[in-house]
Amino acid sequence: MHNLITMSVVLLLLTGCAVGPDYRAPSSPEPEGFSEGRKMIARDAGQQLFWQGFRDPMLDDLIDQALTANHTLEGAIAKYERSAALLYGAQRDQWPSITASAMAAEQHLADIERSPPGTGPDRVQRYQAGIAASWELDMFGRLRRASEAQRAELEATGADLVTIQVALVGQLASNYFELRGLQQQYQVALQSVALRQQSLDIVEAQVQAGRSTEFDEVRARAQLERNRAELSTLQANMRAAMHRIAILVGQPPTALVDTLTAVGALPDTLPVIPVDSPGEVLRRRPDVAAAERRLAAATARIGVATADLYPRFTLSGFLGTLASDTSDLFASSAESRSVALGIDWTFLDHGKVRARIEAAGAESRAALASYQQTVLEALEETETRLVRYRRAQEREERLALAVTNAEKAVELARARYEQGFVGYFEVLAAEQEFTEVRDEAVRSRTAVVLTMVDVYRSMAGQPG
């Protein structure tokens with residue numbers, strides 16, 4: 001017994017070895033900067049949350065609701081808690097497992113089982129109680145590698161959770177501003193319908209007076225109905241946006257219709273987002289972090305598989321009592337104890353073990369490729385969204401000039417009409433062009449706001 005315990009202590013002292021490759025984070029490409037970064041967005045010195053920069057209390061409230069009640073987010077939190085529980089289990093595997101047991105049994109003996117056969121009692125009763133302990137001596141790091149893999153999986157799941165939070169905030173903000181943009185387009189469309197109705201009224205009056213033809217009337221009516229049809233499309237799109245916003249905050253589709261029906265404006269000012277170096281952006285992005293942590297987990301699992309090439313040593317013990325009568329169960333003579341050192345070695349299954357090692361290595365290579373692809377896609381996404389934001393700003397600036405000129409054209413047309421130089425149709429044409437340019441300007445402003453939200457998502461803005 002003494003030699004067995006001594007051997008176990010020696011084996012325990014040797015458990016500092018862990019087979020398999022030690023993980024090193026791979027390097028990733030880091031360009032000097034984004035092509036449009038410095039031209040666009042100054043660094044924010046404050047600590048406000050991204051969406052607060054829009055200064056829209058309703059948006060703030062909706063995002064707060066989404067971050068607490070969105071069901072997809074709840075599912076991600078549950079997955080994170082599951083990973084945390086699995087990590088705890090993996091860590092506990094490195095320590096002794098202790099169980100308590102009790103047993104009461106009665107066995108009927110056949111004649112041949114009696115000693116001598118055919119004599120003695122034909123029934124045997126047995127009572128047992130005790131505590132058993134088992135401890136795998138992690139000499140080659142199998143359990144430590146398993147714990148290392150599970151910790152990396154937990155960190156990857158945590159990064160997935162942040163990814164979902166960022167995506168949720170971005171999606172909700174996008175749907176909200178799409179709704180506000182549609183509402184503004186609807187107001188412009190109403191003005192266009194009113195102008196088309198005026199045009200039709202004038203044509204009908206001229207037809208009755210014999211100064212116009214049925215062709216002009218039919219064409220004017222067709223233009224009016226076309227504009228009215230656009231109202232129906234905008235109404236459907238607005239209601240769909242309201243439904244989507246409600247789902248994102250964890251409510252039934254129609255729950256927020258009354259709240260969101262009131263027309264709201266698009267933001268006059270946009271939040272300030274810091275444009276860091278590509279390397280900083282990659283370090284902040286949770287999808288990149290999740291891919292890197294899964295690579296770490298896959299690397300650790302190579303060690304788990306490699307450890308099967310070596311023997312497993314298990315130290316086990318039992319302390320309890322064994323008696324044939326309950327009154328003797330706790331007597332000193334019923335005491336039972338044992339200590340054992342078990343060795344399990346699957347060397348005869350060497351081919352199967354090697355196959356598992358190869359599979360783990362392939363999984364690691366796949367994880368590395370996935371990480372590298374995630375990095376490249378993150379850089380591409382950020383570059384593209386920065387460019388789109390910049391071009392959307394340029395388009396908005398040009399359309400603002402177009403609106404100014406179209407408005408001036410309306411003023412000139414009205415003045416010339418009052419002076420008798422042009423007919424009223426020229427005035428209506430100028431007004432219609434003005435409403436169309438205003439509609440384009442509203443769409444452009446919406447695009448600027450939405451691309452700003454996309455930039456936030458690309459920069460992996462934290463949801464707080």
Taking the range 332-361 and keeping only residues that are open to solvent by less than 80 Å² (accessible area, probe 1.4 Å), over 30 Å from Arg294 (Cα atoms) and assigned to a helix (DSSP H, G or I), one is left with Ala334
If only one of Val249, Val263, Val257 is in contact (Cβ under 8 Å) with a residue 12 or more places away in the chain and either under 30 Å from Pro121 (Cβ atoms) or buried (at least 20 other Cβ atoms within 10 Å of the Cβ) (or both), which one is it?
Val249
Working only within the range 251-294, note down all residues that are modelled with pLDDT of 95 or more and in contact with an Asp or Glu (Cβ under 8 Å, 6 or more places away or on another chain).
Ala290, Arg293, Arg294
Condition first: of a type in the set (Gly, Ala, Ser) and under 46 Å from the mean Cα position of the chain (by Cα). Now tell me which residues in the range 198-250 satisfy that.
Ala229, Ser232, Ala236, Ala240, Ala241, Ala246, Gly250
Pull up the range 62-118, narrow it to residues that are in a loop (DSSP other than H, G, I, E, B) and within 26 Å of Ser316 (Cβ to Cβ), then point me to the one that is most open to solvent (accessible area, probe 1.4 Å).
Trp95
Let me confirm something: among Ser327, Ser364, which residue is assigned to a helix (DSSP H, G or I) and more than 41 Å from the chain's Cα centre (by Cα)?
Ser327
When residues of the range 199-239 are filtered for being open to solvent by 70 Å² or more (accessible area, probe 1.4 Å), at pLDDT below 85 and not charged (D, E, K, R), how many remain?
2
Residue list for the range 326-346, restricted to those being modelled with pLDDT of 80 or more and closer than 30 Å to Arg123 by Cβ
Glu335, Ser336, Arg337, Ser338
Looking at this structure, is Leu401 open to solvent by 20 Å² or more (accessible area, probe 1.4 Å) and over 30 Å from Ala378 (Cα atoms)?
yes
Of Glu380, Glu431, Glu407, the only residue that is exposed (fewer than 14 other Cβ atoms within 10 Å of the Cβ) and part of a helix (DSSP H, G or I) is Glu380
Restricting to helices (runs of 4 or more DSSP H) lying wholly in the range 212-284: which have 2 or more residues that are acidic (Asp, Glu)?
214-248
Need the failing condition index for Thr259 against (1) under 30 Å from His350 (Cβ atoms); (2) of a type in the set (Val, Ile, Thr); (3) under 30 Å from the mean Cα position of the chain (by Cα), just the number.
(1)
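The values are calculated or read from the model by the stated rules, or taken from the named source; none is laboratory data. All figures in this text were calculated on a predicted structure; none of them were measured in a lab. Backbone-built Cβ (ideal geometry, glycine too); neighbour counts: all protein chains shown. In case anyone asks, the SASA skips ligands and DNA or RNA and just uses the protein heavy atoms, side chains included. Shrake-Rupley method; radii C 1.70, N 1.55, O 1.52, S 1.80 Å.
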